[in-house]
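Beneath this line is the structure, given in structure tokens, with notes to follow.
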Amino acid sequence: MMSEKGLLIVLSGPSGVGKGTVRKAIFEDNVDFEYSISMTSRNKREGEVDGVDYFFKTKEEFEKLIAEGELLEYAKYVDNYYGTPVKYVRETMDKGKDIFLEIEVQGAEQVKNKIPEALFIFLAPPSIFDLECRLKGRGTESEDIIRERISNAKKEIQMMYLYDYVVENDKVELAVERIKSIIKSEHLRRDRVEMKYRRALLELEEV
């Protein structure tokens, strides 16, 4: 019997909104989907592990992968590349397994152009002031870079129209529950369920 194609779940939002924290909290539970680790050319932050948080590449390595068409999406953000390897994503979906991407807004726009049936969730801050406080609280970036990230965040918030759902990250545990509820609901959409039964009816006719 042909398996149902897996769902591509895309979580993105402004830098500093807490995408990584929310994603890690989601995967602390037993979930029925795979996490697609993104690639980046930025330096590792304290506590990050290569192959767990990101695949860390040099700019030259990243640009070679772009030229070879090995990325589903990529973006250059504050002078660093971020992207998603295409092969693993498509293979996972074809096996009927859901796959979860945590990516930048620029990257999400590219994915929407290539896989429009994916589920797009925008993680939003309670306010721009809250976002600025989070960025300053990291203590990893200069004032100039923080100002640039805030400027980019304002533009990214205006791109909410590209997404299916918006989840406010007021508290991590609440954001996690909202996202899990959205994913469960998406699997019950009429068009997804109908396709499953249409395939079953075709198989009965062939018997």
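Against the conditions (1) assigned to a helix (DSSP H, G or I); (2) surrounded by 15 or more Cβ atoms within 10 Å (Cβ to Cβ), where does E141 fall short? Just the number, please.
(1)
Tally time: how many residues in the range 67-84 are aliphatic (A, V, I, L, M) and either within 15 Å of Y35 (Cα to Cα) or part of a strand (DSSP E or B) (or both)?
Number satisfying all stated conditions: 3.
Answer yes if at least one residue in the range 148-161 is within 18 Å of the chain's Cα centre (by Cα), among the hydrophobic types (A, V, I, L, M, F, W, C), under 19 Å from I182 (Cα atoms) and outside any strand (DSSP E or B), and no otherwise.
The answer is yes; a qualifying residue exists.
Name the single residue that is modelled with the lowest pLDDT among those in the range 100-129 being outside any helix (DSSP H, G or I) and charged (D, E, K, R).
Top of the filtered list is E104.
Given (1) under 18 Å from T21 (Cα atoms); (2) in contact (Cβ under 8 Å) with a residue 12 or more places away in the chain; (3) of a type in the set (D, E, K, R), where does D164 come up short, assuming only one miss?
Of the numbered conditions (1) under 18 Å from T21 (Cα atoms); (2) in contact (Cβ under 8 Å) with a residue 12 or more places away in the chain; (3) of a type in the set (D, E, K, R), the odd one out for D164 is (1).
For the range 115-128, does any single residue satisfy the condition of being farther than 22 Å from Y165 by Cα and over 12 Å from the mean Cα position of the chain (by Cα)?
No.
Restricting attention to the range 107-128, report how many residues are within 22 Å of F62 (Cβ to Cβ) and open to solvent by 60 Å² or more (accessible area, probe 1.4 Å).
3
Out of the range 183-207, which residues are part of a helix (DSSP H, G or I), open to solvent by less than 90 Å² (accessible area, probe 1.4 Å) and not hydroxyl-bearing (S, T, Y)?
I183, E186, D191, R192, V193, E194, R199, A200, E203, listed by residue number.
Take the residues of the range 19-60 that are basic (K, R) and either open to solvent by less than 30 Å² (accessible area, probe 1.4 Å) or under 16 Å from the mean Cα position of the chain (by Cα) (or both): which is farthest from A75 (Cα to Cα)?
K24
From E173, E148, grab the single residue that is surrounded by fewer than 17 Cβ atoms within 10 Å (Cβ to Cβ) and over 26 Å from N43 (Cα atoms).
E173
Quick test for you: out of E132, E104, pick the one residue that is under 19 Å from F56 (Cα atoms) and of a type outside the set (G, A, S).
Unique residue meeting the criteria: E104.
Would you call V78 over 22 Å from I115 (Cα atoms), open to solvent by less than 40 Å² (accessible area, probe 1.4 Å) and out of contact with any Leu (no Cβ under 7 Å at 6 or more places or on another chain)?
Here the answer is yes, as V78 does meet what is asked.
Is it fair to say K87 is modelled with pLDDT under 90, more than 13 Å from the chain's Cα centre (by Cα), surrounded by fewer than 18 Cβ atoms within 10 Å (Cβ to Cβ) and outside any loop (DSSP other than H, G, I, E, B)?
Taking the combined requirement at face value, the residue satisfies it.
The conditions are (1) open to solvent by less than 40 Å² (accessible area, probe 1.4 Å); (2) outside any loop (DSSP other than H, G, I, E, B); (3) more than 30 Å from L204 (Cα to Cα), and M93 fails exactly one of them. Which is it?
The failed condition is (3).
Of these, L72, L135, L65, L131, which one is more than 24 Å from I179 (Cβ to Cβ) and buried (at least 17 other Cβ atoms within 10 Å of the Cβ)?
Residue meeting the stated conditions: L65.
For the range 179-207, give me each residue that is under 29 Å from L101 (Cα atoms) and small (G, A, S).
S181, S185
The values are calculated or read from the model by the stated rules, or taken from the named source; none is laboratory data. Only a predicted model underlies this, so the values are computations on that prediction, with no experimental measurement involved. We place every Cβ from the backbone using ideal geometry, glycine too, and count neighbours over all the protein chains shown. Just the protein is used for accessible areas: all its heavy atoms, side chains included, with ligands, DNA and RNA removed. Shrake-Rupley method; radii C 1.70, N 1.55, O 1.52, S 1.80 Å.
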